[in-house]
1. Do we find that G47 is out of contact with any helix residue (DSSP H, G or I) (no Cβ under 9 Å at 6 or more places or on another chain), surrounded by fewer than 23 Cβ atoms within 10 Å (Cβ to Cβ) and at pLDDT below 95 in this structure?
2. Out of (1) of a type outside the set (K, R); (2) modelled with pLDDT under 95; (3) in contact with an Asp or Glu (Cβ under 8 Å, 6 or more places away or on another chain), the odd one out for T96 is which?
3. Please determine whether any residue of region 106-114 is crowded, with 24+ Cβ neighbours inside 10 Å, within 19 Å of Q63 (Cα to Cα), touching a residue at least 40 places away in the same chain (Cβ under 8 Å) and out of contact with any strand residue (DSSP E or B) (no Cβ under 9 Å at 6 or more places or on another chain).
4. Out of everything in region 44-78 that is within 14 Å of F100 (Cβ to Cβ) and aliphatic (A, V, I, L, M), what residue ends up being nearest to the chain's Cα centre (by Cα)?
5. Just checking, how many residues over region 47-103 are of a type in the set (S, T, Y) and without any contact (Cβ under 8 Å) to a residue 24 or more places away in the chain?
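The values are calculated or read from the model by the stated rules, or taken from the named source; none is laboratory data. Just so you know, these numbers come straight off a predicted model, no measurement behind them. Counting neighbours? That spans all protein chains shown, and the Cβs are built from the backbone with ideal geometry, glycine included.
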Amino acid sequence: MVKKHIDKIKLVSIAIFAFYACFAHSKSSYTRYGDIGQIAIPVIAGGISVYKKDWRGVSQFLQSTAATFIMVYTTKHIVNAKRPHGGNYSFPSGHTAGAFSGAAYLHRRYGFVASSPAYLAASLVGHSRVVARAHWLRDVIGASIITIGMNYLLVNPYKNLNVNLIPASSGKGLALSAKYKFA
């Protein structure tokens, strides 16, 4: 059963790479990917919780996303950093915060395996903002840190997710163990 879900994750990862390849050749198309990704990634993340009938997760997702955007847009107006192309309100990146709100939620709620394709897609959204000269790298990194932090504070792991630190098999240090029961 786990293999079936890992195969789905691989398929989604391949689809994301193919989607990226279609947009990477043109700056304007890649920018469009960032515009779409900032909305699509969180919509898909919320849709996963709706599909699973994880209403507590949906509530936590909405709360963490709202808190993220309050923090991001308040920070934008306090800092009022200049953009690479000369505009205002560069720090932090709202597009990146939107994209990472879906990825960070999936990570906190369902674990890293479930979120890795979303993190890849969200990172590409952030990169598209830098390539478009709409943001500096610091803006993208700042937005991702704010978003991951809000999700860490406001989202609880799903009931079937068990993450533990265990002694490494080599006897040196600790390893991360994650077990997920797919329903």
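1. Values: out of contact with any helix residue (DSSP H, G or I) (no Cβ under 9 Å at 6 or more places or on another chain): yes; surrounded by fewer than 23 Cβ atoms within 10 Å (Cβ to Cβ): yes; at pLDDT below 95: yes.
Against the criterion (out of contact with any helix residue (DSSP H, G or I) (no Cβ under 9 Å at 6 or more places or on another chain), surrounded by fewer than 23 Cβ atoms within 10 Å (Cβ to Cβ) and at pLDDT below 95), G47 qualifies.
2. (2)
3. Yes, some residue in region 106-114 is crowded, with 24+ Cβ neighbours inside 10 Å, within 19 Å of Q63 (Cα to Cα), touching a residue at least 40 places away in the same chain (Cβ under 8 Å) and out of contact with any strand residue (DSSP E or B) (no Cβ under 9 Å at 6 or more places or on another chain).
4. A45
5. Filtering region 47-103 down to residues of a type in the set (S, T, Y) leaves 49, 51, 59, 64-65, 68, 73-75, 89-90, 93, 96, 101.
Right, trim to without any contact (Cβ under 8 Å) to a residue 24 or more places away in the chain and you get 51, 59, 73-74, 89.
Adding up the residues that qualify gives 5.
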